């Protein structure tokens, strides 16, 4: 009897075993909103990797952002003349913009206090190098943008004074009650670079000297105020200190010009060697300690120069300065000394040619934090990811892809009510992308993170159903049609916008829809006949076309090539057979006109007996009040028809 029961159990297990064995874990992607907004100027938010260059230092974020007292996500940026402060709505649209005349040549950042007043950190370079000028200042404005105060720092030319503000680093600000604390990168009169700290009593805009911190060759800065009122600084240094420095002892503990803290994470190399192969992401207060987040080569030895940067987290006890999570350690040399860095939780560990670049972080409700980063392969952006880690070092969400969202690595993430916000701009067409990520949700529609391409995005009408091939790649892996995904088409026979629906299978779940155009066939038998100054154009009817657009470009005769022509222009030359004189025929964008017709012929009067005209034509079909155009025909030249 027992044997029969065992056999039955085995048979049942075998029946379900294939399901258990081959069941695939579902992948996840971020729940992300993104909206493209128009700015007053063109901004590029590259940080350490400005315009694709792999710098060893950060730069001032060209877009500041913050949550204002009305819980509104707000961005601020500048051009040559003004500072712009823009509020957004729940749909991530800009609702209004305050324009403030630029107070000084250089802008370090913009922030907002609990009363709705704005503060602009600004400055100028001492180009003569003699001192006696204001090189750094904080300007105060009310909620309408009216200036209500300022506090300036006038240099004496002392070797430790600021000669060039915002040089080879960032500018960050925090509030401790009514004190505004700013840590910024600068070049000193002695020629060396470091951070400097400038504090202001916002009630009367006088300088406050309660807080200071120093890091030699500080290539990036961070500062926070903790819940118990302590101000904590962090710096990315290459000399004193050579590593990520955290200063817990900022309350008037000074050593000459130095107020230095602990270095929980060191860099290999000689003191003052600019190359550190690391980037500081930021610091934040957790209920267990202070989180230090950055990216770095993993080793502390000579091989670090060739290693790819990986994201890491340390949580430091603010009283003892010790790491409090049980994680990896690294031993090696930094400068002339040996060190062992402990409690390092590596969030990435790529073994291929990919590496971390821009990154950002935010604390979530004191018991966890979110870390974001971009993944690059050489100089090609791959995707962005985030992880959520608890305050005791447990990874709650691991490397969730983020639909190719881009990071502003010079500005902190802003967290509010379960969402983090940030803004990125690639420096094109006066636009920026505002992002909002739901930290409590993920989606199984991982096709949002796949790279999906069609063999063609514009196909000529054939009268039959058109099905361009589809290629789907996820995390560098080319997926297989009908195994990992299926494809279906809609509206893919007639001229118009056709749809391709890609549906994932197995762990590649989700759906995404792409589109391609079916355009009219090209015009055939396009010909022209000139009678005196009238050009009659004719062509053969195109199937399904609503009408035709004719482009006419006029070339005006000139004895010389005109200079300073505005707009796009072209010209050609002709030599008079009898006199040998060379004439120029010039055309600008303003010399182009268009005619439309629903017929198969058009007569055009050529004005100007010595001018030249070039004609071409394309068909179009109107679909849902939108014109779908075919390709332009070959050109006809009027002077060849005489």
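Just so it is clear, none of the values below were taken in a lab; they were calculated from the coordinates. Being a predicted model, the structure only gives us computed values, none of them experimental. Methodologically, a virtual Cβ is constructed for each residue, glycine included, from the backbone with ideal geometry; neighbour enumeration extends over all protein chains shown.
Using Cα atoms only, what is the angle between the long axis of helix 2-22 and the major principal axis of the chain, expressed in degrees (0 to 90) to the nearest 10?
60 degrees
Which order do the peptides 146-156, 374-384 take when ranked by the mean count of other beta-carbon atoms within 10 Å per residue, highest first?
Those peptides, ordered most packed to least, come out 374-384, 146-156.
Which of (i) 18, 49, 29, 5, 0; (ii) 16, 37, 27, 17, 2, 0; (iii) 21, 57, 22, 1 is the computed P(r) over Cα pairs in 20 Å bins from 0, in percent for the structure on display?
Read-out from the structure maps to (ii).
Classify the stretch 416-564 as rounded, prolate or oblate from the Cα gyration tensor: take a ≥ b ≥ c as the square roots of its eigenvalues, call it rounded if a/c is under 1.5, otherwise prolate when a/b beats b/c and oblate if not.
The shape class here is oblate.
Normalised by the residues of the stretch 527-640, what does the relative contact order come to in percent, with Cα pairs under 8 Å and at least six apart?
In percent, rounded to a whole number, it is 34.
Given contacts defined as C-alpha pairs under 8 Å and at least six residues apart, what's the relative contact order of the stretch 29-443, whole-number percent?
Reported relative contact order: 15 percent.
Once you sort the root eigenvalues of the Cα gyration tensor of the stretch 142-243 as a ≥ b ≥ c, which label holds: rounded (a/c under 1.5), prolate (a/b larger than b/c) or oblate (the other case)?
oblate
Rounded, prolate or oblate: which one fits the stretch 22-151, using the alpha carbon gyration tensor with axes a ≥ b ≥ c (rounded when a/c is under 1.5, else prolate when a/b beats b/c, else oblate)?
Because a/c hits 1.5 or more and a/b fails to exceed b/c, the stretch 22-151 counts as oblate.
Stokes-Einstein D for the stretch 451-519 at 4 °C, 1.567 mPa s, Kirkwood Rh over Cα pairs, in µm²/s?
104 µm²/s
When every alpha-carbon pair in the stretch 527-640 is counted, what percent end up more than 20 Å apart?
Value for the stretch 527-640: 49 percent of Cα pairs lie more than 20 Å apart.
If you average the sequence gap of Cα pairs under 8 Å that are 6 or more apart and divide by the length of the stretch 431-516, what percent do you get for the contact order?
Computed over the stretch 431-516, the figure is 28 percent.
Taking 0.36 nm per residue of sequence separation and subtracting the Cα-Cα distance, how much length would be gained by fully extending the chain between residue 611 and residue 207, in nm to one decimal?
Contour length minus Cα-Cα distance gives 138.2 nm.
Can you order the peptides 442-449, 206-213, 123-130 by their average number of other Cβ atoms within 10 Å per residue, highest first?
442-449, 206-213, 123-130
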